[in-house]
1. Right, ALA303: more than 16 Å from the ligand (Cβ to nearest atom) and buried (at least 19 other Cβ atoms within 10 Å of the Cβ) or not?
2. Conditions: (1) of a type outside the set (A, V, I, L, M); (2) surrounded by 13 or more Cβ atoms within 10 Å (Cβ to Cβ); (3) within 16 Å of the ligand (Cβ to nearest atom); (4) at pLDDT 95 or above. LYS225 meets all but one. Number of the miss?
3. Could you check the range 59-75 and list, in sequence order, the residues that are in a strand (DSSP E or B) and free of Cβ contacts under 8 Å to residues at least 12 places away in the same chain?
4. Can you confirm whether PHE56 is in contact (Cβ under 8 Å) with a residue 40 or more places away in the chain and of a type in the set (Phe, Trp, Tyr)?
5. What residue, of THR106, THR78, THR32, THR5, is touching a residue at least 24 places away in the same chain (Cβ under 8 Å), over 22 Å from THR298 (Cα atoms) and of a type outside the set (A, V, I, L, M)?
6. Would it be correct to say that VAL133 is within 16 Å of the ligand (Cβ to nearest atom), among the hydrophobic types (A, V, I, L, M, F, W, C) and surrounded by fewer than 20 Cβ atoms within 10 Å (Cβ to Cβ)?
7. Across the range 106-130, which residue is nearest to the ligand (Cβ to nearest atom) among those that are closer than 17 Å to VAL149 by Cα and not acidic (Asp, Glu)?
8. Test LYS92 against the stated conditions and say whether it is free of Cβ contacts under 8 Å to residues at least 12 places away in the same chain and of a type in the set (D, E, K, R).
Amino acid sequence: MGISTDYDMVIVGAGPAGMAAAIYGSRMGWRTLVLDKVAVGGLAATTSIIENYPGFSEISGMEFAERLRKQAEKFGATIRELVEVTDIECNKFPIKVITSSGEFSTKVVIISTGTNHRHLNVTGESDFEGKGVSFCATCDGALYENKIVAVIGGGNSAVTEALYLSNVARKVYLIHRRDSLRAEESLQKQILNTSEVEFIWDTIVEEIEGNEFDGVKRVKTKNIKTGEEDSVRVKAVFIAIGIIPNNELAKKIGINLNENGLIIVDKNQRTNIPRIYAAGDITPGQGQISVAVGEGTTAAISAFLDMKGGDWYGQETKTG
Ligand code: NAP
């Protein structure tokens, strides 16, 4: 197609999937634009320590994000943070991407909008956000040096957060609604051997209490087996109870989603809309950085090959 466009590829979301697509797209010589309403790195940037990305035995989420940025920029990708994509006009060519900071025409779009933190939806949670309620230990943990804090959840995120905080805080309560963790074995081993962490099992948080001056002061809890209610004094509550997909844009433009609100893609990361691809945690998968990177890579390569014409791989669908 000989129509001129501002970019060859626009990537919505600068997490590991989007940045991998940007690295591949720009290295293939495509004029590549990455837009993110927050910043490079996505949720991975808020992870304290990444220990399972092949080739890095240990790297902080922030450093990983910075490396992704430098690598994509080195190959010529343009990265714009704090820019929200509000709509995509994809029923004609070229595609028009409408943002909070102008419109861009492009040949293809990769949606890698990822996920966001799930909320507890209890009294006090929103009132004390930024005053003791946090969703990111790496971002806010240092504020609670030598203090007593709580982490809520039992998955990989909660355990990673609690391990990070155990090096900063005096004591970490890990409050989980079951009597066992769902985090992977190696994380479980680490946390069960960390003396600063005390587990409060079978327990939910019913309210987060405090005042405007001091911020969070305590959490009200309830044991779901015995019904017993209690109050735990903490200076901060780190909530790590899972994620919800950032799928508003996908919904708006008519991309097919599965029952969990994730974008259905074929094995080459194509969505149901021609020239719109999706990759990373917004698609069904394992929620791993390495998987997101692979999917971003696949999306960029298949977009590139699709624009050269022809169905290169067939259309096996991944519905999750
Ligand atoms: P997750 O695996 O879905 O775990 C969420 C945890 O929160 C579960 O233990 C769940 O309890 C609990 N929970 C959910 N809703 C709750 C509520 N309303 N009140 C109390 N507890 C609640 O989520 P995640 O730990 O955030 O991880 C998200 C994804 O990122 C996963 O795919 C994970 O593998 C990935 N991740 C990977 C790493 C790593 O590889 N090192 C690190 C971080 C995240 P139940 O157990 O009862 O369901």
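1. Here the answer is yes, as ALA303 does meet what is asked.
2. The failed condition is (2).
3. ILE59
4. No; evaluated as a whole, the condition is false for this residue.
5. Residue meeting the stated conditions: THR5.
6. no
7. Once the filter is applied, the top-ranked residue is LEU120.
8. Here the answer is yes, as LYS92 does meet what is asked.
The values are calculated or read from the model by the stated rules, or taken from the named source; none is laboratory data. Predicted model only: the values in this text are computed from it and were never measured. So basically every Cβ, Gly included, is an ideal-geometry build from the backbone, and we count neighbours across all protein chains shown.
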